[in-house]
1. R208 fails exactly one of the following numbered conditions: (1) under 21 Å from N279 (Cα atoms); (2) free of Cβ contacts under 8 Å to residues at least 60 places away in the same chain; (3) basic (K, R). What is the number of that condition?
2. Does segment 106-115 include one or more residues that are touching a strand residue (DSSP E or B) at 6+ places or on another chain (Cβ under 8 Å), modelled with pLDDT of 80 or more and either closer than 13 Å to G234 by Cα or assigned to a helix (DSSP H, G or I) (or both)?
3. How many of the residues making up segment 154-193 are surrounded by fewer than 17 Cβ atoms within 10 Å (Cβ to Cβ), under 22 Å from E139 (Cα atoms) and of a type in the set (V, I, T)?
4. State yes or no: is V252 among the β-branched types (V, I, T), more than 17 Å from T134 (Cβ to Cβ) and either loosely packed, with under 14 Cβ neighbours inside 10 Å or touching a residue at least 60 places away in the same chain (Cβ under 8 Å) (or both)?
5. In this structure, is S276 modelled with pLDDT of 85 or more and surrounded by fewer than 17 Cβ atoms within 10 Å (Cβ to Cβ)?
6. Looking at the structure I just gave you, is G101 closer than 30 Å to A172 by Cβ and either in contact with a strand residue (DSSP E or B) (Cβ under 9 Å, 6 or more places away or on another chain) or at pLDDT below 70 (or both)?
7. Might you check whether a residue that is under 24 Å from D270 (Cβ atoms) and hydrophobic (A, V, I, L, M, F, W, C) occurs anywhere in segment 165-186?
8. Among what's in segment 123-182 and is in a helix (DSSP H, G or I) and among the β-branched types (V, I, T), pick the residue that is farthest from the chain's Cα centre (by Cα).
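The values are calculated or read from the model by the stated rules, or taken from the named source; none is laboratory data. In this text, all values refer to a predicted model and were calculated from it rather than measured experimentally. Quick reminder, even Gly has a Cβ in these numbers, built from the backbone with ideal geometry, and neighbours come from all protein chains shown.
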Amino acid sequence: MRPGRGRWVVSGQRPGEAGRPWAGGGLLVIVLGISANLLLTFAPDVVPAWVASAVVVCTSATLVLVAVAVLVQRLRQASDAEAAAARAVKEAEARRRELRGVVSAGKERVRGAEFSETLLGARERLIIHGVGMTQVSREVDLIRTAALSGLEIHIVMVDPRWLRRTRGMAGALARYYDNPQMLGQVEKSHRDIVTMAREVNAECHEERVRVHTYRAISPFGAAIAEPGTPEVNGLIEFHVTGRLPRRIRFGVEYYQDDARDRSVVSQIIDSISDLSGYNFTATNPDRSRDAEQTP
C-alpha cells in the first residue's frame, strides 16, 4: 500500500475499482447459466425432466438477478466517475480562488514565446501593456496579422513626449534599464507601433489597433486576452532592472470573484485602465484625453 491524498489506497488500483472483479464474476455466471439452459434444451435426456425444469427456473432467476446487479454496478461506476470529475472541477476552482487566479509563476525570460502564445490564443480583444514596448515593436507583423483577422488590440505604453519633456526622466529611464539609449529606443518603438496601427486601421476601415499612452513609469508589463469576460487570461511580468535584470512573471486566469476577493488579473486590468484612462472591459468605452486615436 502507498499513501494517497488523505487516505491509503492499494498500490496499482484506482478508487472505485474494488467492485470490478465481482462484476466480472457476474458476467461469468451469466455465460454459464446461458450454457446450462442451452444444454438442457437441446439435450433433455441428460437429467430427469423435473430436474431440468428446476435447473432452468433457478438459472433463469439467477441470470435476472445477476444482470440487474451488473447494471446497478455499471450505473454506480458511471455516477462515481461523474462525481469525481465534479470534485476535480471544484478543487481546481478552489485552488484558483486561493491563489487569486494565478496559475503559474517563474522567472525565466521567455517573454517572446509567451507573448506570441497569448496573442495567437486571443479571439476578441487583447491588451498589451508595458513601458517602452521595444520588444513588442519587433512583433508588428504578428500584431498586424492578428488585427487583420478580426482581433481588437490595445497597446498601452509610456508617452515618449512626456519622457522627453519631463526634466530628469530621460536619465532616470537610462539608469533604470541600464541603457543610455533607452529614450531613443522608446521613441522609435512608439513611431513604429503608431505607423502599424494607422496602416491596419486604414486597411480594415475601422479601429482594430488602438495605441494608448500614459505618463508614469510602470513596474510591470502584461499581455491579457479577453478582458472583462470569463475567458480572460494572460501573462503579467514584473521588472527588477539594473545591471542584473530580473523578470518575475505570472500566468493568470479567470475565476468568479467578488468585491472582497478580487482576482489578480482584474486588479491588473484596473491598474492599466487607471494609467491610460480607458475602460478595457466595457463594450464601447470612451477615450480620455490621454488615449491616442490612431485612425
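1. (2)
2. no
3. Looking only at that region, the number is 0.
4. yes
5. So S276 fails the test.
6. No, not satisfied.
7. Checking segment 165-186: not a single residue is under 24 Å from D270 (Cβ atoms) and hydrophobic (A, V, I, L, M, F, W, C).
8. Step by step, filter segment 123-182, then rank; the result is V140.
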